[in-house]
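Participant: Attaching a single structure in structure tokens format; questions to follow.
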Amino acid sequence: MDKKKLNKKIAIIGGGITGLTTALSLQRAGFNPIVYERAKQLNEIGAGIWLQPNAMQVLEGLGLKEEIILAGNILYNMEISSPNLTPLRTSKKGHLRAENQNKTIAIHRGVLQKILHRAWAQVGDIEFGVEYTSYTEKSETTKITFKNRTAEADLVLGADGIHSKVRHSLFPEAKLRDAEQICWRGVSNYTLPKEFHHIGNEAWGKGIRFGFSRINPKQVYWFAVARKNMITDAIGISQILEMFTDFHPLVIEIVKHTENIHAAPLHDLYRLPTWHKGNICLLGDAAHATTPNMGQGACQGIEDAYYMERFLSENPCKNAFIKFEQSRRKKVDYVVNNSWKFGQMVHHPFQQKILKLILKTTPQRILEKQLSQLYALED
Ligand SMILES: Cc1cc2nc3c(=O)[nH]c(=O)nc-3n(C[C@H](O)[C@H](O)[C@H](O)COP(=O)(O)OP(=O)(O)OC[C@H]3O[C@@H](n4cnc5c(N)ncnc54)[C@H](O)[C@@H]3O)c2cc1C
């Protein structure tokens with residue numbers, strides 16, 4: 001691409017997983033984006049995250065795969081189980097396939113953020129402590145206003161998360177959808193028995209569920225979800241333990257060895273009519289926040305980075321945003337809709353039974369086909 005095009009000033013609002021992956025992808029293509037992040041410093045808190053093969057392919061392209069695998073833990077299987085941790089179905093095949101493919105990696109969120117930040121700090125600029133508030137379109141460029149200063153850019157990418165202010169500037173009518181569920185998350189200082197080392201597990205009870213996986217030899221990431229009408233988010237560890245007394249004793253051990261628990265209501269974003277306006281485009285949770293039931297929110301943000309690089313490399317102008325949205329909508333809609341439906345069904349007594357039946361009886365080859373479509377990236 002000619003130098004003039006590569007010199008386009010690209011501003012990325014938000015230095016989370018999507019913002020930093022996008023910055024790294026664009027830099028690889030020859031651009032020099034600047035990342036503007038509200039936090040005063042790198043945020044290393046948070047629980048765990050599962051990075052599925054679609055995300056791992058993008059991260060591999062950025063040269064980060066080995067570092068992430070070393071800092072995290074490989075999961076060969078994802079299992080849905082009953083409260084006593086008996087799997088609804090086991091897939092030995094899945095294990096073998098995963099050996100030869102990009103795998104799902106479970107990792108501490110803070111560690112992932114640190115890896116992305118370190119990679120970006122080696123090649124590009126990030127400004128901390130700058131909170132986006134509004135923008136003004138000028139004839140060719142966009143003036144961006146932060147709480148404490150202004151900046152100018154040819155193209156602006158809004159990657160400022162589920163409560164995005166960039167989105168609010170573009171589409172003030174956009175709304176979050178309340179899943180009526182509360183999620184507790186923690187990192188437990190606990191060593192899992194060997195048979196659970198490389199499995200992501202989610203156990204379904206009546207109106208509640210518990211998920212966990214190893215994220216490194218000494219720590220386990222876990223999450224618990226309950227319907228809002230069953231309980232408030234202001235409960236402590238003893239009430240969480242009480243909620244899961246009928247589950248396998250391992251669940252109790254995992255929760256017991258946790259110091260900090262984060263509670264949050266679950267939301268997604270009602271479908272936006274479009275993700276871009278003028279020189280500004282949304283991506284990641286800012287564009288298409290999803291409920292976490294498929295473990296695909298960050299993975300989709302990482303995929304956004306891959307496609308944004310492709311279309312801006314073809315032509316760094318607002319037309320790239322049209323192509324970006326056209327190429328991403330179908331998969332993103334699939335993830336958001338299915339994740340929503342799945343989450344609602346699991347917490348409904350009758351619908352959970354149907355879901356279990358579907359999971360038990362769907363042929364392995366169909367499940368595998370669905371997964372390979374989810375994980376596929378276009379060359
Ligand atoms: C319980 C739970 C479990 C999950 N598990 C998984 C999982 O296993 N796998 C998965 O793929 N996804 C998972 N997700 C989803 C994942 O967390 C999100 O999709 C992902 O964090 C979105 O990344 P993002 O960079 O788009 O937004 P964020 O992570 O929210 O990052 C946004 C960044 O923008 C900054 N910012 C915000 N406002 C401003 C502003 N005004 N100006 C400047 N900067 C700003 C923020 O400080 C932040 O750094 C889960 C989500 C939840 C709730």
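The values are calculated or read from the model by the stated rules, or taken from the named source; none is laboratory data. Just so it is clear, the structure is predicted and the values come from calculations on it, not from any experiment. We place every Cβ from the backbone using ideal geometry, glycine too, and count neighbours over all the protein chains shown. Surface accessibility is based on the protein's heavy atoms, side chains included, excluding ligands, DNA and RNA. Shrake-Rupley method; radii C 1.70, N 1.55, O 1.52, S 1.80 Å.
Participant: State which residue is surrounded by the fewest Cβ atoms within 10 Å (Cβ to Cβ) when the search covers only region 270-318 and only residues that are touching a Phe, Trp or Tyr at 6+ places or on another chain (Cβ under 7 Å) and among the small types (Gly, Ala, Ser).
Facilitator: The extreme case among them is 295.
Participant: Within the set of pairs 6 or more residues apart or between chains, which connect a residue that is touching a residue at least 24 places away in the same chain (Cβ under 8 Å) and within 17 Å of residue 377 (Cβ to Cβ) inside region 285-302 to a residue that is in a loop (DSSP other than H, G, I, E, B) and within 6 Å of the ligand (Cβ to nearest atom) with Cβ atoms less than 6 Å apart?
Facilitator: 301/284
Participant: Let me ask something else about it. Give me the pairs: first residue in region 34-49 and assigned to a strand (DSSP E or B), second residue open to solvent by 30 Å² or more (accessible area, probe 1.4 Å) and within 8 Å of the ligand (Cβ to nearest atom), beta-carbon distance under 6 Å, and six or more apart or on different chains, which are they?
Facilitator: Final answer for the pair search is 49/109.
Participant: For residues that are free of Cβ contacts under 8 Å to residues at least 12 places away in the same chain and within 12 Å of the ligand (Cβ to nearest atom), tally how many sit in region 303-321.
Facilitator: The number of residues fulfilling the criteria is 0.
Participant: I've got another one for you. If you take the residues in region 22-55 that are under 16 Å from the mean Cα position of the chain (by Cα) and more than 11 Å from the ligand (Cβ to nearest atom), which one is most open to solvent (accessible area, probe 1.4 Å)?
Facilitator: Among those that are under 16 Å from the mean Cα position of the chain (by Cα) and more than 11 Å from the ligand (Cβ to nearest atom), it is 45.
Participant: Name the pairs: first residue in region 132-155 and over 14 Å from residue 35 (Cα atoms) and part of a strand (DSSP E or B), second residue open to solvent by 30 Å² or more (accessible area, probe 1.4 Å) and charged (D, E, K, R), Cβ to Cβ under 6 Å, at least 6 apart or on different chains?
Facilitator: Short answer, once both residue conditions are applied: 133/147; 136/143; 143/152.
Participant: Determine, yes or no, whether residue 262 is closer than 22 Å to residue 212 by Cα and surrounded by fewer than 20 Cβ atoms within 10 Å (Cβ to Cβ).
Facilitator: yes
Participant: Kindly check whether there is at least one residue in region 200-213 that is in contact with a helix residue (DSSP H, G or I) (Cβ under 8 Å, 6 or more places away or on another chain), in a loop (DSSP other than H, G, I, E, B) and not hydroxyl-bearing (Ser, Thr, Tyr).
Facilitator: Checking region 200-213: at least one residue is in contact with a helix residue (DSSP H, G or I) (Cβ under 8 Å, 6 or more places away or on another chain), in a loop (DSSP other than H, G, I, E, B) and not hydroxyl-bearing (Ser, Thr, Tyr).
Participant: Taking region 173-225, which residues are among the acidic types (Asp, Glu) and buried (at least 24 other Cβ atoms within 10 Å of the Cβ)?
Facilitator: none
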